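Before any comments, here is the structure.
Just so it is clear, none of the values below were taken in a lab; they were calculated from the coordinates. Treat the numbers as computed from the prediction; the structure is a model and nothing was measured. Positions of Cβ are backbone-derived with ideal geometry, glycine not excepted, and every protein chain shown enters the neighbour counts.
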Amino acid sequence: MKTKDLALEALIAAVYIAVTVLLKPISYSFMQVRISEVMLILVLFNRKHAYGLIIGCLLANFVSDAGILDVIFGTLATAITCLLMSITKDDHLALVWPALVNGIIVGAMLGYVLNVPYLPAMGWVFLGEFIATFVSGIFLIKPLKKNTKMQEIFG
C-alpha cells in the first residue's frame, strides 16, 4: 500500500472513531443511530476504503459498554457489510446491506449482552442503521459521485 493510500485509510479510521465516540450516546446502545456509518458510502467509491472503515470500527468499539463482544461482532458486521457493498453493482441496493447485516449481527449481540428479546434488538439496530446509511446515502451518493474532487480523493 502506498504512503498516500495508507494516510487516507488512517484518516478515514480516525474520522470514523471521532464521530462515533463524540456521539457515544447514540452510537452504542439498544436504539442506536451510528452517524459514522454513513462513511460506508466510501466503499462505493473504492473497496480499499474498507480497510479504514473496519479499523475505525474496531477501535471505536473498544469504547462500547458491550466490551469485547462489540469489538468482535461489530467489527465482523462492518467487514461483511464492506464486502457485500463492494460486490453489489447497484448503489441503492448496496446501501441496504449495512442495515441488514448490522441488524442481524449487532442486534443479536446486543440482545445477548443487554438480556433483551432478540427480534426487537435486531429491529432497533436495523432501523438506526437504515437511517444512518440508506436514508442519508440516498441523498448523498449521487452528488458525491458527480463531485470530481471526491472522485479524485476517494476514487
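Mind checking which residues of the stretch 87-98 are buried (at least 16 other Cβ atoms within 10 Å of the Cβ) and either β-branched (Val, Ile, Thr) or under 18 Å from LEU58 (Cβ atoms) (or both)? Within the stretch 87-98, THR88, VAL96, PRO98 qualify.
Checking every residue in the stretch 41-48 against the condition of being part of a helix (DSSP H, G or I), closer than 23 Å to PHE139 by Cβ and of a type in the set (S, T, N, Q) gives zero matches.
Residues that are free of Cβ contacts under 8 Å to residues at least 40 places away in the same chain and polar (S, T, N, Q) were ranked within the stretch 104-155; the one that is nearest to ASP90 (Cα to Cα) is ASN147. Residues that are of a type in the set (Val, Ile, Thr): which helices (runs of 4 or more DSSP H) entirely in the stretch 69-136 hold 2 or more of them? In the stretch 69-136, 97-114 are the helices (runs of 4 or more DSSP H) which contain 2 or more residues that are of a type in the set (Val, Ile, Thr).
Beta carbons closer than 6 Å, at least 6 apart along the sequence or on distinct chains, pair a first residue in the stretch 71-100 that is touching a residue at least 40 places away in the same chain (Cβ under 8 Å) with a second that is of a type in the set (Val, Ile, Thr) and surrounded by 22 or more Cβ atoms within 10 Å (Cβ to Cβ) for THR81/VAL101; CYS82/VAL43; MET85/VAL43; SER86/VAL43; LEU95/THR133; PRO98/THR81; PRO98/THR133.
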